[in-house]
Amino acid sequence: MLTHPNPRHYTPDHEAFRATVRRFVEREIIPNAAAWDEAGGFPRELYGKAAEAGLLGVGFPEEYGGTPADHFYRLILAEEMGRSGSGGTAASLMSHTIGLPPVVAGASGELKARILPGVLAGEKISALAVTEPGAGSDVAQLATTARLDGDHYVVNGAKMFITSGMRADWYTVAVRTGGPGASGVSLLGIERDTPGFTRTELKKMGWWASDTAELHFDDCRVPAGNLIGAEGQAFPLIMRNFNGERLTLAASSCGAAQACLEDAVAWARERKTFGQPLIAHQVIRHKLVDMAERIEATRALIDDLASRLDGGEQPVAQTAMAKNYAARTMQFCADAAVQILGGSGYMRGVRVERIYREVKVMMIGGGAEEVLKDLAARQLGF
């Protein structure tokens, strides 16, 4: 980290938690990141290890195995995971952070008790399934249907680009139970072994260690008790969940940018050109400062957002802009780091090479840059 965390936001307890997360990342993820990327996944036991380290329950209710926490703990977790340089591992390991919040906010006590404890203990995996082949950020247009038939919903349709889609145990699925538009959207908790529910693995530009899938629902009968919230009332739950996801993505992008700067500085000090260290050349020092400026500005922006959220605000426009700005910071720093490392930065297995491949998903996931700009414009009255 470039500067000491702002003491107005980060207490000694926050920093103790950062040290815990960093130890976990440096022990469990960084040494294995390249191999897991090439293998296209990571061992399932990593979930249990993360739970034992106290990472999976951050921000979730204590009665289900979680640890209530302010937004700065969540920022720390996302930033340190981003710093690992293995976005795919972080995305799947933490997919419950987008799969579970609607359950916490809207599910019955019985459904919460069925889903939350196993996931927060690292024994089960949670995924969020909203995006479809024909509807991404435009959630109100989703086409997957759920028709009530007695005490079950019959679900038909498909979901696309679902993180943890291949091996999740519980899926928080957006469905259409009513008419067109946002008022017809509901959420269901669907178990992986539901008859008629199948998955197809997807290959990607980046996030190779994350299992990403297309989901298929063919007359899947889901108990009516698995409804999350009231029928037709899921749209606000989904939108609030998107805001949380966007802040997490912003912090993760900031962590990845920080990793790029760290690796670029280390290389510039070690590598010699024309008889002196690379960092002795003014052009390289200026590149490093350009990276540092963007990281510091990004961190200040997301810290401010976390403070506002903890104060009860819902800064939708600022969250959208922060996610976009952080992704561009990551893009700039990844490009600069690969350039500074030269041929070495282009080689597979190098942290900055992985981060470079993962930039685009951070500019698309959780709401594409163009969609978020338009959202911010509407919120700001433009």
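The values are calculated or read from the model by the stated rules, or taken from the named source; none is laboratory data. Computed from a predicted structure; not experimentally measured. In this analysis, Cβ positions are derived from the backbone assuming ideal geometry, glycine residues included, and neighbour counts consider all displayed protein chains.
Within region 255-266, the presence of a residue that is assigned to a loop (DSSP other than H, G, I, E, B), under 20 Å from LYS360 (Cα atoms) and under 23 Å from the mean Cα position of the chain (by Cα) is excluded.
Note on region 312-382: no enclosed helices (runs of 4 or more DSSP H) hold 1 or more residues that are in contact with a Gly (Cβ under 8 Å, 6 or more places away or on another chain), among the basic types (Lys, Arg) and assigned by TED's automatic domain parsing to the domain that holds VAL25. Scanning region 243-260 for residues that are out of contact with any Gly (no Cβ under 6 Å at 6 or more places or on another chain) and surrounded by fewer than 24 Cβ atoms within 10 Å (Cβ to Cβ) turns up ASN243, GLY244.
Residues that are charged (D, E, K, R) number at least 3 in the following helices (runs of 4 or more DSSP H) confined to region 1-112: 12-24, 45-52, 71-83.
Report yes if some residue within region 153-164 is within 17 Å of ASN226 (Cα to Cα), touching a Ser or Thr at 6+ places or on another chain (Cβ under 9 Å) and among the small types (Gly, Ala, Ser); otherwise report no. It would help to see each step written out before you state the result.
Let us first name the residues in region 153-164 that are within 17 Å of ASN226 (Cα to Cα), namely 153-156.
Cutting the leftovers down to touching a Ser or Thr at 6+ places or on another chain (Cβ under 9 Å) gives us 153-156.
With the extra rule that they be among the small types (Gly, Ala, Ser), the set shrinks to none.
Checked region 153-164: no residue is within 17 Å of ASN226 (Cα to Cα), touching a Ser or Thr at 6+ places or on another chain (Cβ under 9 Å) and among the small types (Gly, Ala, Ser).
Look at region 93-112: where a residue is charged (D, E, K, R) and a partner is surrounded by fewer than 23 Cβ atoms within 10 Å (Cβ to Cβ) and assigned to a helix (DSSP H, G or I), sitting 6+ places away or on another chain with Cβ atoms under 9 Å, you get GLU110/GLY225; LYS112/GLU63; LYS112/TYR64; LYS112/VAL104. Note on region 192-212: among residues that are in a strand (DSSP E or B) and among the β-branched types (Val, Ile, Thr), the one that is surrounded by the most Cβ atoms within 10 Å (Cβ to Cβ) is THR212.
Out of all the residues in region 272-291, is one or more surrounded by 15 or more Cβ atoms within 10 Å (Cβ to Cβ), closer than 20 Å to ALA91 by Cβ and either hydroxyl-bearing (Ser, Thr, Tyr) or at pLDDT 95 or above (or both)? Taking every residue of region 272-291 in turn, none turns out to be surrounded by 15 or more Cβ atoms within 10 Å (Cβ to Cβ), closer than 20 Å to ALA91 by Cβ and either hydroxyl-bearing (Ser, Thr, Tyr) or at pLDDT 95 or above (or both).
Residue count for region 32-55 under the criterion of being out of contact with any Asp or Glu (no Cβ under 7 Å at 6 or more places or on another chain) and either among the aliphatic types (A, V, I, L, M) or within 14 Å of GLY87 (Cα to Cα) (or both): the result is 14.
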